[in-house]
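The values are calculated or read from the model by the stated rules, or taken from the named source; none is laboratory data. Values in this document were obtained by computation on a predicted structure and should not be read as measured data. For neighbour counting, all protein chains shown are included, and Cβ atoms are generated from backbone atoms with ideal geometry for every residue, glycine included.
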Amino acid sequence: MSPDRALLYFGTVVHRRLAPVRHGFRYGVFYLRLRVDQMQRRWPRLISHNGWNLFSFHDADHGPRDGSALLPWIRNLLTQHGLACADGAIWLQAFPRVLGYVFNPVSFWLCHDRAGALRAVVAEVRNTFGECHNYLVAHPDGRAIMPGDWLTARKVFHVSPFFPVSGHYRFRFIDTGAHCNFRIDYTAADGAQLLTAVSGTAQTLRSPALALAFL
């Protein structure tokens, strides 16, 4: 796979709620990973950019959510948070629309420096009311995010009826390009409450893989 080609991941989402009542489930998913700073001009036949198709990716679903260009928005966000060091490739990992419909509980903006090191991640979190909040996580000193590093953000956005808007999220990103495993754990004053993982294996974004995803 070319390091600059759009990817389609087949994977799994795992939820483990530890309180107030233990509950867990897992389900299969597929999702896109697109290079925002070099958005491709030609797309496979079964997917469109900002147009209707079996699958589609719409700029209006992300970032400023007004249909404007995504790259200036994410670059400005990074600069506002003192992360101009993330001046390289930016990948957006998200679910595509299917027959015009999509719900992205969380999308990930993976922000690298020019040497290819991961410097920051924006977790774009949505709830079922259509509201959205961006959690930007990075090391305080701006150093590269390594596999196994844990990063923390204070919870400020209502997502689940089971949990209040308090506590912290802990993020971990393990990503080789071909495979990924992202963790988001929710922790409150009395300990871990919810463990979530998104994992997947990549294929180059092509129509045969999209057809398989639709079945």
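So for the stretch 77-91 (the condition being among the charged types (D, E, K, R), surrounded by 18 or more Cβ atoms within 10 Å (Cβ to Cβ) and within 20 Å of the chain's Cα centre (by Cα)), does at least one residue qualify? Write out each step before concluding.
Initially, the stretch 77-91 is screened for residues among the charged types (D, E, K, R), giving 87.
From the residues that got through so far, the ones that are surrounded by 18 or more Cβ atoms within 10 Å (Cβ to Cβ) too are none.
Checked the stretch 77-91: no residue is among the charged types (D, E, K, R), surrounded by 18 or more Cβ atoms within 10 Å (Cβ to Cβ) and within 20 Å of the chain's Cα centre (by Cα).
Considering only the stretch 59-66, I want to know if a residue exists there that is at pLDDT 95 or above, in a strand (DSSP E or B) and either touching a Ser or Thr at 6+ places or on another chain (Cβ under 7 Å) or of a type in the set (D, E, K, R) (or both).
So far as the stretch 59-66 goes, no, none of its residues is at pLDDT 95 or above, in a strand (DSSP E or B) and either touching a Ser or Thr at 6+ places or on another chain (Cβ under 7 Å) or of a type in the set (D, E, K, R) (or both).
Would you pick out the residues in the stretch 52-62 that are touching a residue at least 24 places away in the same chain (Cβ under 8 Å), within 30 Å of Thr196 (Cβ to Cβ) and not polar (S, T, N, Q)? Explain how you work it out, then say what you get.
Of all residues in the stretch 52-62, those touching a residue at least 24 places away in the same chain (Cβ under 8 Å) come to 52, 54-58, 61-62.
From the residues that got through so far, the ones that are within 30 Å of Thr196 (Cβ to Cβ) too are 54-58, 61-62.
The answer is Leu54, Phe55, Phe57, His58, Asp61, His62.
Which one of these is out of contact with any helix residue (DSSP H, G or I) (no Cβ under 9 Å at 6 or more places or on another chain), over 17 Å from Gly177 (Cα atoms) and not aliphatic (A, V, I, L, M): Arg22, Arg45? Full working, then the answer.
Values: Arg45 fails: out of contact with any helix residue (DSSP H, G or I) (no Cβ under 9 Å at 6 or more places or on another chain).
Checking each option against the conditions leaves just Arg22.
Here are some conditions: (1) part of a loop (DSSP other than H, G, I, E, B); (2) at pLDDT 95 or above; (3) β-branched (Val, Ile, Thr). Val198 meets all but one. Which one does it not meet?
(1)
Can you pull out the residues in the stretch 170-206 that are in contact (Cβ under 8 Å) with a residue 40 or more places away in the chain, closer than 18 Å to Ser107 by Cβ, surrounded by 15 or more Cβ atoms within 10 Å (Cβ to Cβ) and not β-branched (Val, Ile, Thr)?
Selection gives Phe171, Phe173, Asp175, Cys180, Phe182, Ala197, Ser199, Gly200, Ala202, Leu205.
Which members of the stretch 26-51 meet the condition of being modelled with pLDDT under 95 and either loosely packed, with under 15 Cβ neighbours inside 10 Å or under 23 Å from Leu195 (Cα atoms) (or both)?
Result: Gln38, Gln40, Arg41, Arg42.
Looking at Leu77 and the list (1) without any contact (Cβ under 8 Å) to a residue 12 or more places away in the chain; (2) in a helix (DSSP H, G or I), which single condition is not satisfied?
Looking at each condition in turn, Leu77 falls short on (1).
Across the stretch 98-138, which residue is surrounded by the most Cβ atoms within 10 Å (Cβ to Cβ) among those that are part of a loop (DSSP other than H, G, I, E, B) and aromatic (Phe, Trp, Tyr)? Walk me through it before giving the result.
Restricting attention to the stretch 98-138, the residues satisfying the condition of being part of a loop (DSSP other than H, G, I, E, B) are 99-100, 102-105, 113-117, 127-131, 138.
From the residues that got through so far, the ones that are aromatic (Phe, Trp, Tyr) too are 103, 129.
Details: Phe103: 10, Phe129: 8.
Per the criteria, the residue is Phe103.
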